[in-house]
Amino acid sequence: MSYSRPSRVIVVLGALLAAGIAQAQGYPAKTIRWIVPWPPGGGADVLSRMLSPQLSEALKQQIVIDNRGGAAGNIGAELAAKSPPDGYTIVFAYSGTHAINPSIYRKMPFKESDFAPIIQLASVPQVLVVHPSLPVKTVKDLVALAKKRPGELTYGSSGSGAFNHLTGALFSMKTGTELTHVPYKGGGPAAVALLSGEITMILGEPATIVGFVKAGRVRALAVTGAKRAPALPELPTIAEAGVAGYEATSWNGMLVPAGTPADVIKRLNAEFNRIIGTPDMTKRMLANGYEPVGGPPERLGELIRAEIAKWAPVVVAAGVAVD
C-alpha cells in the first residue's frame, strides 16, 4: 500500500497520538521524582512530605522526594524544567520562585513556559515572629524599636529574592523602618537561625514555625494575609496591628515540565484535588497554616501570571536585584 505525503503525515501523527494515549493510560509505570527546590525542614518540604504518601498510595507507585535547595528555588525549578516531560518528574511550585524571581534575577535559568501547571495546592499567609529575647510584644512595639535602632534588627529569609525576603522588604517600606536582610538556603535554616538568636525575626511559613510558636521558643506577633490564619486565629493581621495596606500571601502548587501528556496532567490534578479535599488532609493542612485551594490546572497558570505582575513594582520599589 502506498500513501501520499499528506496521508503519511497523518499516519505518523496518528501513531504519535496513539503512543501518547497509551503512555498516559499506563501511567505511572515507575517511580516518580518529586523535586522540592528547598532544603529539608522548610514549608515546601513539610507540605510535600505530608502529601506525597497519599499520592503514592493513589498512583500505586513509589514517590521519591528530591530536595534541591538554593538560589531561592531556582536550582530545583531549573532541574525540573530540563527533565523529560513524561510525568515522572513533578516539582513543588512556590510564589517566590515563580512570581517574584523573574523580577529579581537578571538571568533566570528557566522560563515559565518551560512548565505546565498541575494544581494550586494552597494559599499560605506568613507569620511575623521574633526571638523571645527581643523586648517587643506587638507589631507597634517592633516598629518603634526598629525606628530607634535603624539597621540593627535583622530578618532572615529563604534566600535573596524569596517571598519572605520581599515580605520583609514590604514591611520595611510600609513602616518606614530600616531592617537588615539575612538570606539562608531555605525556611528551615532561617528558622534555626532565629531559634539560636542569630537573627531577630522572620516572616516565615506557618508549617516551619507554628510548632516553635506553640512551644514558646519564638514569639509570634501577626500574620501577613488579608485575614487571620486558621492555624493561629489569635494573631492579628499586620494591617490590623497598625500597618495600613500591608498584605502578602504566598501560594504553593505543583508543576510538570512543558510537554507532559495532557492525560497525565489530568490524572495528577484529579488525585491532588481528591487528596487535599479529604477532611483529614484539610484539617492537617489548616493546622500547619496551609489553606487548601485546588481546582483545574488553568487556575494555577492564571495565578502565576497575575502574581508576576503584582510583585514586579514591589521589587523595583525595594531595589532588590540578584545577579
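The values are calculated or read from the model by the stated rules, or taken from the named source; none is laboratory data. Not measured: the values here are computed from a predicted model. Cβ coordinates were reconstructed from backbone atoms using ideal geometry, including for glycine residues, and neighbour counts include every protein chain displayed. Side chains are part of the model used for accessible areas, which takes the heavy atoms of the whole protein and leaves out ligands, DNA and RNA. Shrake-Rupley method; radii C 1.70, N 1.55, O 1.52, S 1.80 Å.
Numbers for the structure displayed
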read-out	value
Criterion (free of Cβ contacts under 8 Å to residues at least 24 places away in the same chain and under 24 Å from the mean Cα position of the chain (by Cα)) met by exactly one of Gly159, Gly204, Gly186, Gly211	Gly211
Residues being open to solvent by 30 Å² or more (accessible area, probe 1.4 Å) and within 20 Å of Ser95 (Cβ to Cβ) - total across the stretch 257-269	1
Odd one out for Leu121 among (1) among the hydrophobic types (A, V, I, L, M, F, W, C); (2) open to solvent by 20 Å² or more (accessible area, probe 1.4 Å); (3) touching a residue at least 40 places away in the same chain (Cβ under 8 Å)	(2)
Test for Gly289: is it modelled with pLDDT under 95, open to solvent by less than 60 Å² (accessible area, probe 1.4 Å) and not in a helix (DSSP H, G or I)	yes
In the stretch 270-286, residue least open to solvent (accessible area, probe 1.4 Å) [restricted to those that are free of Cβ contacts under 8 Å to residues at least 12 places away in the same chain and charged (D, E, K, R)]	Asp280
Some residue of the stretch 207-229 being in a loop (DSSP other than H, G, I, E, B) and of a type in the set (Ser, Thr, Tyr)	yes
Output for the stretch 107-129, where each listed residue is over 23 Å from Tyr290 (Cβ atoms) and of a type in the set (A, V, I, L, M)	Met108
Residue in the stretch 287-323 that is nearest to Gly70 (Cα to Cα), counting only those that are of a type in the set (Asp, Glu) and touching a residue at least 24 places away in the same chain (Cβ under 8 Å)	Asp323
Filter result (under 15 Å from Arg228 (Cβ atoms) and either at pLDDT 95 or above or out of contact with any Phe, Trp or Tyr (no Cβ under 8 Å at 6 or more places or on another chain) (or both)) within the stretch 125-141	Pro125, Val127, Leu128, Val139
Qualifying positions in the stretch 221-236 - open to solvent by less than 20 Å² (accessible area, probe 1.4 Å) and touching a residue at least 60 places away in the same chain (Cβ under 8 Å)	Leu221, Ala222, Val223, Thr224, Gly225, Ala229, Leu232, Leu235
Val124 being over 30 Å from Lys283 (Cβ atoms) and part of a strand (DSSP E or B)	no
Count - residues of the stretch 77-93 that are surrounded by 24 or more Cβ atoms within 10 Å (Cβ to Cβ) and within 18 Å of Ser113 (Cβ to Cβ)	5
Matching residues in the stretch 271-297 - criterion: being among the aliphatic types (A, V, I, L, M) and touching a Leu at 6+ places or on another chain (Cβ under 8 Å)	Ile275, Ile276, Met281, Met285, Val293
Subset of the stretch 194-206 [closer than 15 Å to Ala122 by Cβ and part of a loop (DSSP other than H, G, I, E, B)]	Glu205
So Lys107, is it surrounded by fewer than 24 Cβ atoms within 10 Å (Cβ to Cβ) and either in contact with a Gly (Cβ under 9 Å, 6 or more places away or on another chain) or modelled with pLDDT of 95 or more (or both)	no
Residues located in the stretch 29-83, provided they are of a type in the set (Asp, Glu), in a helix (DSSP H, G or I), free of Cβ contacts under 8 Å to residues at least 40 places away in the same chain and in contact with a Phe, Trp or Tyr (Cβ under 9 Å, 6 or more places away or on another chain)	Glu78
Selection within the stretch 133-156 - surrounded by 15 or more Cβ atoms within 10 Å (Cβ to Cβ) and either under 16 Å from the mean Cα position of the chain (by Cα) or in a loop (DSSP other than H, G, I, E, B) (or both)	Leu134, Val136, Leu153
Some residue of the stretch 243-256 being part of a loop (DSSP other than H, G, I, E, B), surrounded by fewer than 18 Cβ atoms within 10 Å (Cβ to Cβ) and on the phi < 0 side of the Ramachandran plot	yes
Any hit, the stretch 173-187, residues being within 19 Å of Val218 (Cβ to Cβ), modelled with pLDDT under 90 and either hydrophobic (A, V, I, L, M, F, W, C) or open to solvent by 10 Å² or more (accessible area, probe 1.4 Å) (or both)	yes
